[in-house]
Each structure stands twice: as structure tokens, then as C-alpha cells.
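The values are calculated or read from the model by the stated rules, or taken from the named source; none is laboratory data. Just so it is clear, the model here is predicted, and its values are computed rather than measured. Quick reminder, even Gly has a Cβ in these numbers, built from the backbone with ideal geometry, and neighbours come from all protein chains shown.
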Amino acid sequence: MRRVLWSAVVAVVLGATVFLTGCSGGLRPAVPSATVSPYVGTWVLSSVVIGGQTFSGPALNQVNITATLNLNADHTASVTAMGTTASGTWKQKNATTLTVTMTLIPQDVTIEGNTLVTTLAGAKVTLVKH
């Protein structure tokens, strides 16, 4: 059972990588605002919840699952997952949601305190500011 769950976590991160890297060119960054958003910076993968199981910290490190999201002040973004990097844009949609666009398909990311949370391929993915 544990092996199946590890396989599922790896599949979700790999799926997210494919989703985030396909067709990533051609996007124009949004005009930056006068003040720097508190969301600008580097966000790292903290946990993945899939099939009711939570994988975080050492569990992710054991299988070498990593992901980093960089949100820049000029509203450009980059994500590196499993050794693959893609670039795109981001914007604050409202007080609780950011929209990150890497593949011409926007992905909403919920702001929950000091974390960013999204759902990719049925898995809840949480990132924390580094």
C-alpha cells in the first residue's frame, strides 16, 4: 500500500511538471504595481495530500520530490519541479487567490496564511515561503 501511495505522489508531481511546462512560451508579464506584493519570493513544496495520505518533509525528501515556485515583482513566475523549469506569469486575483499561468491555462492558488495551496491532478499541494 505504501509503495502505491509513493507512486501516486511521484505521478502527481510529474503530472504537475508536464502541466506547468507545456507551451510555456509567449506570455507577456503584467505591469508591476508600485508596491511589492507580499507574495513575491520563493515558495517551496511543503506537502502533498493524495488519497487521504499526507507526504511532507522527510517523506518527500526520501523520494527526492522537490518543487519551487518563484514569483517575481514584475509578475513573471517560474516553477522548477523534478529538475524541469518553466516560466510564465502570475497575478493576484483577489484577497485569497493568486492565478499562476504557465501553459496558457491559469491555475488558481489559494492563499492560506503563510502558505499557497492548489490542487493538481487530484492532489492538494502546499507550498511555503522560503
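Elements of the type strands (runs of 3 or more DSSP E) sitting completely within the range 50-125 and holding at least 2 residues that are in contact with a helix residue (DSSP H, G or I) (Cβ under 8 Å, 6 or more places away or on another chain): these cover 53-56, 76-81, 84-94. I'd like the residue in the range 91-106 that is within 18 Å of V128 (Cα to Cα) and without any contact (Cβ under 8 Å) to a residue 24 or more places away in the chain and, out of all such residues, is surrounded by the fewest Cβ atoms within 10 Å (Cβ to Cβ). By that ranking, first place goes to A95. When restricted to residues that are over 20 Å from V48 (Cα atoms) and either buried (at least 19 other Cβ atoms within 10 Å of the Cβ) or touching a Leu at 6+ places or on another chain (Cβ under 7 Å) (or both), the range 75-85 contains 2. In the set A95, A77, which member is within 13 Å of the chain's Cα centre (by Cα) and of a type in the set (A, V, I, L, M, F, W, C)? Testing whether each residue is within 13 Å of the chain's Cα centre (by Cα) and of a type in the set (A, V, I, L, M, F, W, C) leaves just A77. For the range 54-65, state whether one or more residues are at pLDDT 90 or above and of a type in the set (V, I, T). There is at least one residue in the range 54-65 that is at pLDDT 90 or above and of a type in the set (V, I, T). Here V40 fulfils each of the conditions (1) farther than 17 Å from G122 by Cβ; (2) touching a helix residue (DSSP H, G or I) at 6+ places or on another chain (Cβ under 6 Å) apart from (2). Taking the condition loosely packed, with under 14 Cβ neighbours inside 10 Å, modelled with pLDDT under 95, touching a Phe, Trp or Tyr at 6+ places or on another chain (Cβ under 8 Å) and not acidic (D, E), does V36 pass? It is false that V36 is loosely packed, with under 14 Cβ neighbours inside 10 Å, modelled with pLDDT under 95, touching a Phe, Trp or Tyr at 6+ places or on another chain (Cβ under 8 Å) and not acidic (D, E).
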